[in-house]
Structure formats: C-alpha cells, structure tokens
2 protein chains.
Amino acid sequence: MTLFSRIVIIGVGLMGGSVGLAAKKKEVAGCIVGVDRDETHLTAARDRGIIDIGTTDFEEGVCRLGGTQSRVAELIVVATPVGLVAEYVQRAAEAIRSVAPPRGFPPRNVLITDVGSTKSAVCSQLCSRKDFGGSRFIGSHPIAGSERSGPQHASEVLFENRLTVISPSAAARDVDIGLLVQFWQRLGSSVICTTPEEHDSILARTSHLPHLLSAILAGGLRSQDIRYTGTGFRSTTRLAAGLPAVWRDIVSSNSGAILEAVRDYEHRLRDLREIIERKDWDGLTAFLEDAKQNRDALG
Amino acid sequence: MTLFSRIVIIGVGLMGGSVGLAAKKKEVAGCIVGVDRDETHLTAARDRGIIDIGTTDFEEGVCRLGGTQSRVAELIVVATPVGLVAEYVQRAAEAIRSVAPPRGFPPRNVLITDVGSTKSAVCSQLCSRKDFGGSRFIGSHPIAGSERSGPQHASEVLFENRLTVISPSAAARDVDIGLLVQFWQRLGSSVICTTPEEHDSILARTSHLPHLLSAILAGGLRSQDIRYTGTGFRSTTRLAAGLPAVWRDIVSSNSGAILEAVRDYEHRLRDLREIIERKDWDGLTAFLEDAKQNRDALG
C-alpha cells in the first residue's frame with residue numbers, strides 16, 4: 001500500500017536517489033518526482049528508475065509537474081547538502097502556499113523532511129515556524145551513506161537495517177511524526193526520536209569526528225609513501241573521499257559539538273603519546289584491549 | 001616448480017596460515033611444516049590444508065619432523081608477533097647447527113625470514129651476525145593482513161597484488177635475496193628492498209599511526225552512542241579489532257618513528273581545529289579537497 005500518492009525528492013544524488021529507489025521497491029509512493037539543478041543527475045535518475053519524472057524547475061517539480069493543481073507533493077524530501085536545506089524547505093512551502101487547493105478541498109497538508117547530517121541549525125531556522133501555509137517540516141537523518149556520490153551510486157538497500165533519527169519540534173503533529181516514522185520503516189530503517197541538539201552532539205562523535213580524522217590522515221599522505229599503504233590505510237581513510245561541499249556544510253553547521261569531540265580526541269591522543277613516550281607497554285596493552293572490546297561489540 | 005623442498009612456518013595464525021595456503025596453491029614447497037605453541041592452531045591448520053604436518057615442539061619442527069636428518073627446513077618463516085621474532089630466529093639457527101649434514105653433503109644453507117610489521121629492532125639484533133651456522137636471516141614484511149586472527153581466517157590470496165618489503169643486511173647474499181624475492185612473487189606479491197630504518201619510518205605513517213588513531217576512536221566510543229554508529233565509524237575503527245599483543249610489539253619495537261608520526265598528526269589535528277574555531281570554511285574546504293584528492297588517488 002502506498003503511503004503517499006506523490007513524493008518529490010529535491011536533489012537526486014546518492015541519498016536522494018537511494019530514497020527514490022527504496023521507495024519504488026517498497027511501493028511507498030504512487031509517483032516519484034525528482035528535482036535537481038543538474039540535468040545529468042535527472043537523466044541518470046530516470047535511467048535507473050529512481051524517479052518517474054524530473055525537472056530542473058523547483059516550483060514546477062514541487063507543485064505543477066504534470067500540469068494540474070492536484071499534483072502537489074504529499075511528501076517532500078530535501079536531499080541536498082545541509083547548507084541548502086532550510087532555503088529549499090522555505091521555497092517549497094512558499095510554492096505550495098501559492099497553489100490554492102481545488103474548490104471544495106481542505107487546505108493542503110504537505111510533509112517536508114530532509115536527510116541532513118546535522119539538525120540543530122536547520123531546525124532552529126524552521127521548527128519555530130508552526131506553519132508554512134499547510135506544509136510541516138520534521139527533520140530526518142538516516143544514518144546511512146557512502147563516500148561515493150551521485151545517483152549512479154544510489155542503492156535501494158541503503159537504509160536497510162540502519163537507524164534513522166528524526167527530530168520533531170514541540171509543535172510537530174503526532175500524525176505527521178507517525179507518517180514519517182512509517183515512511184522510514186518502509187524503507188527498511190528503524191527510527192528513533194531525539195532533539196536536534198542531542199542528535200548533533202552524538203553524531204559529532206560517531207560520524208563528524210571520524211570523517212575529519214580520516215581526512216587528516218589522507219591529507220598527510222606523502223606521495224612516496226603511497227605504494228606502502230595497505231587495506232588498513234584504505235579503511236581508515238575511506239571517508240576522506242566524501243564530497244568536500246557536503247562536509248563543509250556539516251562541519252560549519254555543527255562546529256560547536258564537533259570542536260568538543262575534536263578536543264576530547266586531542267586529549268586522548270596526547271594521553272596515548274605519553275604512554276608511548278614513557279614506554280608503558282602494559283598501559284598500551286590495556287588501552288588496545290579497551291579499544292578492541294569496544295570495536296568487537298560493534299560486530 | 002617448487003622453490004623449496006621444505007618450508008617450516010613458525011606460528012600458523014592468520015599470517016603464517018596465509019603463507020602456507022598460498023605456498024600450497026602456488027606449489028612453492030614440497031612439504032609445509034607448521035610449528036605453533038597452540039595445538040588448536042595446528043589442528044585447524046591441518047584441517048584447512050595449510051600445513052602437511054605440525055608440531056608444538058620447535059626443534060623437532062625445524063629439523064627432525066619425519067625422523068631423518070635430511071628433513072631440515074630450507075626456508076623458515078617466523079610468523080609470530082614481532083617481539084618473538086629474534087628469539088625464534090636464533091633458536092632455529094641453533095637447532096639447525098646442531099644437526100650435522102649427512103656425510104658428503106655441504107653445510108646446510110637455510111634461509112630464515114619473518115613477516116613482522118617492524119624491521120629495525122629485529123634486524124639490529126640479527127643482521128649484524130653474518131652467520132648462524134648455515135642459516136641466513138633476511139627480514140620480510142608483506143603489507144597485507146586483517147584485523148582478524150587465527151588460521152581460520154587465513155587466505156590463499158592474502159598476498160596477491162600486495163607489496164612485500166624485504167630488508168636485507170649488507171651481508172646478505174644475492175642468491176638468498178633472489179630466492180626470497182621469488183618466494184614472495186610466487187605468492188602473488190610484488191617486492192621492494194628498503195633499509196629497516198626506512199621501512200619503519202614509512203610504515204609508522206601508513207600503518208602504525210592509522211592503527212592507533214583507529215584504537216583511540218574505538219576506545220572513546222560511549223555505550224549510549226553505539227546505536228548511532230554507521231558504516232563510516234566501522235571503517236574508521238576496523239583496525240582497532242587487531243590483537244593487542246601483536247600491536248603492543250609493533251609499537252614498542254618502533255616507538256621512535258611512531259612518536260614522530262603521532263606528533264605530526266597532532267599538529268595537523270590542531271591546525272584543523274583552529275580552522276574550525278575561526279570558522280574559516282574556505283580553509284576547511286581546501287583541507288577537505290586535498291584529503292579527497294589524496295584518497296581518490298589510492299583507488
């Protein structure tokens with residue numbers, strides 16, 4: 001059974017494309033519309049069956065594609081870099097407000113969400129506004145992804161057995177929260193609610209810090225050392241291949257929590273260096289055993 | 001064509017077991033003998049076809065297994081943690097010296113190597129000794145491995161398309177170097193010669209530092225954060241599952257070069273923190289772009 005007759009995905013890259021593929025596979029939507037500034041993304045997304053129709057015209061995609069007013073989105077998923085989310089949500093809400101419902105129909109109720117890796121900055125811009133003329137925003141963050149990018153790397157199983165964090169504001173309606181939970185569950189994910197602040201503080205430690213550590217390691221690689229790198233170096237630096245523009249937005253929109261995580265890591269790195277400096281090999285073993293125990297627990 | 005009629009592998013864990021499997025597959029040896037303190041390793045290694053025969057008796061394995069003096073090893077691969085390599089190489093040389101060659105035969109020529117991740121400490125103990133009574137040591141480091149351990153995780157393709165570094169002393173004979181190069185090439189690896197010091201300095205940056213960074217990250221994981229970890233955290237911390245005893249030996253035998261790599265990383269981490277503190281998002285983007293370029297070049 002479909003949950004929405006029409007889903008509009010803003011930005012059909014790896015994340016948006018995977019939302020489209022999974023929604024298709026799970027028959028979550030009657031029709032999936034893609035909006036992207038990049039025509040080649042739309043072509044690739046159509047070719048892969050990610051979207052039914054696509055356009056580079058934002059307002060047309062959100063409200064009018066197909067030519068009749070009844071074709072307004074029921075769910076909009078903004079899958080752009082974090083720095084663009086608030087702007088696109090507001091533009092979508094304005095576009096929807098500009099399209100009056102057909103005579104005799106109730107006001108439009110359009111749910112808007114995103115897939116961004118930080119939540120506080122976006123939610124503080126959007127969640128205080130109870131109403132967008134019949135559109136409601138609830139932030140989502142599916143903890144899934146890849147260092148790759150573009151619709152050609154989208155995957156219909158990207159969200160399976162993953163966790164999606166949603167961050168409803170106090171004003172969010174239960175019916176909308178329930179619908180969004182169902183949506184992510186249908187895509188294969190489990191769902192948890194946290195506040196935007198809690199989300200950003202945790203993800204700074206589990207995602208944003210690892211990304212930066214990986215990038216520092218990759219950035220420091222000397223050309224003459226390349227041939228001596230093995231699979232370990234590759235694993236540890238895999239994240240560094242992520243798109244700089246995406247990660248610039250993530251870091252700049254969560255710099256407080258990230259700085260806290262970085263400073264904590266600096267202290268732990270200093271402690272380890274001092275263990276090595278004083279040749280405390282039992283201390284080193286205990287340190288390595290703690291780390292292994294934590295890592296083994298992740299499976 | 002076999003290169004050696006008899007190879008003895010000291011320590012049939014993941015590395016030693018993979019040497020055995022690959023040597024079998026490539027028909028490098030007539031007979032492969034396993035020596036391990038752990039009887040369950042020997043049983044698993046026999047079951048998987050890693051070794052033809054195995055023993056927990058070191059001297060028997062090196063010289064006498066099978067009952068005749070002609071059964072002395074031609075190649076001994078010491079595949080123990082680095083901290084035990086020098087001791088086992090010396091014990092092997094003594095055992096061989098104690099077995100006189102059959103009447104009319106020339107003195108025994110047994111080549112001994114290892115698979116250890118650090119070379120200076122071992123080579124400084126061994127390479128200055130030109131002669132071990134007919135045994136010669138040349139250090140090897142196949143840059144291949146896994147965070148897993150034990151013969152059950154050994155792989156016959158572990159060395160394929162990898163690099164093996166060998167570190168011959170000035171006294172090493174060309175014929176032995178040539179034989180060792182052939183051996184690793186037959187196992188699928190390319191081979192490069194470096195000095196022990198150069199090896200240790202490079203590997204501190206490309207392998208030992210990434211391991212420690214991974215362990216710090218894993219060790220700092222809070223239990224309440226576990227459910228929020230994704231594939232990125234898992235990649236970045238994969239190395240932390242390595243055996244603490246193995247990595248204690250690696251760090252303690254290469255602490256000088258590792259400390260240099262750690263201090264350099266600390267400076268780079270501080271620089272990045274300062275970029276974030278002053279909200280220099282263009283500087284952050286440039287930093288992320290450099291890292292991505294280096295990482296993409298690794299393929």
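How many Å² of accessible area per residue for the protein assembly as shown, probe 1.4 Å?
Accessible surface, normalised per residue, equals 40 Å².
Expressed as an acute angle from 0 to 90° and rounded to the nearest 10, what is the orientation of the C-alpha long axis of helix B:14-25 relative to the principal long axis of chain B? For B:14-25 against chain B, the angle is about 60 degrees. Compared with the dominant principal axis of the Cα atoms in chain A, helix A:209-219 is inclined by about 60°.
Ranking A:R48, A:R227, A:R108, B:R6 from most to least accessible surface, computed with a 1.4 Å probe over the protein chains only, gives A:R227, A:R48, A:R108, B:R6. Radius of gyration over Kirkwood radius for the protein assembly as shown, both on Cα atoms: the Rg/Rh ratio is 1.10.
For A:H41, the solvent-accessible surface computed with a 1.4 Å probe is close to 50 Å², ligands and nucleic acids excluded. Among B:G232, B:G34, B:G256, determine the one that fluctuates most according to a GNM of chain B built with springs between C-alpha atoms less than 10 Å apart. Sorting by GNM fluctuation, first place goes to B:G232. So which residue, out of A:D47, A:D271, A:D176, gets the largest mean-square fluctuation from a GNM of chain A using Cα contacts under 10 Å as springs? Result: A:D271 has the largest fluctuation of those listed. Dividing the Cα radius of gyration of chain A by 2.2 N^0.38 Å, with N the residue count, gives 1.12. Between B:E198 and B:E39, the distance separating the two model label sites (each 7 Å from Cα on the Cα→Cβ line) works out to 4.7 nm. Using the beta-carbon distance between B:M1 and A:S155 and R0 = 45 Å, what value does 1/(1 + (r/R0)^6) give for FRET efficiency, to the nearest 0.05? After rounding, the FRET efficiency stands at 0.45.
Translational D (Stokes-Einstein, µm²/s) of region B:89-221 at 37 °C and 0.692 mPa s when Rh comes from the Kirkwood sum over C-alpha pairs? Don't skip to the answer; put the middle values down first.
On the way: Rh = 16.5 Å.
In µm²/s, the coefficient is 199.
Computed over region A:164-253, the range of Cα coordinates on each principal axis works out to 58, 27, 20 Å, biggest value leading.
Tell me whether region A:203-278 comes out rounded, prolate or oblate; compute the Cα gyration tensor, take square roots of the eigenvalues as a ≥ b ≥ c, and use a/c under 1.5 as the rounded threshold. Write out the running numbers ahead of the final one.
Values: a/c = 2.47, a/b = 1.10, b/c = 2.25.
Verdict is oblate for region A:203-278.
Within chain B, the longest segment free of exposed loop sites, counting GluC sites (Glu not before Pro) that fall outside DSSP classes H, G, I, E and B and have at most 14 other Cβ atoms within 10 Å, spans B:161-299.
Helix B:255-277 axis versus longest C-alpha principal axis of chain B: approximately 20°, rounded to the nearest ten. Shown is the FRET efficiency for A:W281 and A:T56, computed with R0 = 51 Å from the Cβ-Cβ distance and rounded to the nearest 0.05: 0.25. From the largest down, region A:1-45 spans 32, 15, 14 angstrom on the principal axes of its Cα atoms.
To the nearest 10, the accessible area of B:T231 is 50 Å² with a 1.4 Å probe.
The values are calculated or read from the model by the stated rules, or taken from the named source; none is laboratory data. Since the model is a prediction, treat every value here as computed from it, not as a measurement. As a convention, Cβ positions derive from the backbone with ideal geometry for all residues, glycine included, and neighbour counts pool all protein chains shown. When the accessible area is computed, the model is the full protein with side chains, heavy atoms only, and any ligands, DNA or RNA have been set aside. Shrake-Rupley method; radii C 1.70, N 1.55, O 1.52, S 1.80 Å.
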